[in-house]
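Take a look at the structure below.
FYI, it's all coordinate maths here, none of it is from the lab. Source: prediction; values computed, not measured. Cβ sites come from the backbone with ideal geometry, for glycine too, and all protein chains shown count toward neighbours.
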Amino acid sequence: MENEKPSWMHHCELCLACLHFCPVAAIQLEPKTKKRGRYKNPSVTIADMKKQRGE
Ligand code: SF4
């Protein structure tokens with residue numbers, strides 16, 4: 001976070017996981033996602049994603 005805004009440090013791969021997993025839909029990809037639904041793969045958890053990243 002920088003100045004209370006997310007900063008991707010030029011490493012974002014546009015997988016959209018953060019957009020879909022945010023519990024309050026605070027992350028948008030341009031205005032067009034504001035009223036769109038969110039999808040979560042029921043077989044993938046945050047823990048799985050962290051494990052994949054080596055966290
Ligand atoms: S979760 Fe995906 S879309 Fe979100 S910042 Fe990371 S790489 Fe980008």
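For the range 17-45, which positions are of a type in the set (A, V, I, L, M, F, W, C) and exposed (fewer than 10 other Cβ atoms within 10 Å of the Cβ)?
VAL24, ALA26
Restricting to the range 2-54, what's the tally of residues that are among the aliphatic types (A, V, I, L, M), assigned to a loop (DSSP other than H, G, I, E, B) and under 14 Å from the mean Cα position of the chain (by Cα)?
Residues in the range 2-54 being among the aliphatic types (A, V, I, L, M), assigned to a loop (DSSP other than H, G, I, E, B) and under 14 Å from the mean Cα position of the chain (by Cα): 8 in total.
Show the residue pairs that are 6+ apart or on different chains and have beta-carbon atoms under 8 Å apart, the first residue being within the range 6-24 and more than 6 Å from the ligand (Cβ to nearest atom), the second being in a loop (DSSP other than H, G, I, E, B) and aromatic (Phe, Trp, Tyr).
HIS20/TYR39
Hey, can you tell me all the residues within the range 46-55 that are surrounded by fewer than 10 Cβ atoms within 10 Å (Cβ to Cβ) and away from the ligand (no atom under 13 Å from the Cβ)?
Answer for the range 46-55, where residues must be surrounded by fewer than 10 Cβ atoms within 10 Å (Cβ to Cβ) and away from the ligand (no atom under 13 Å from the Cβ): ALA47, GLY54.
Determine the pairs where a residue that is closer than 14 Å to CYS22 by Cα, located within the range 33-55, has a partner that is in a helix (DSSP H, G or I) with Cβ atoms under 6 Å apart, the partner being 6 or more residues away or on another chain.
ARG38/HIS20; TYR39/HIS20; LYS40/HIS20
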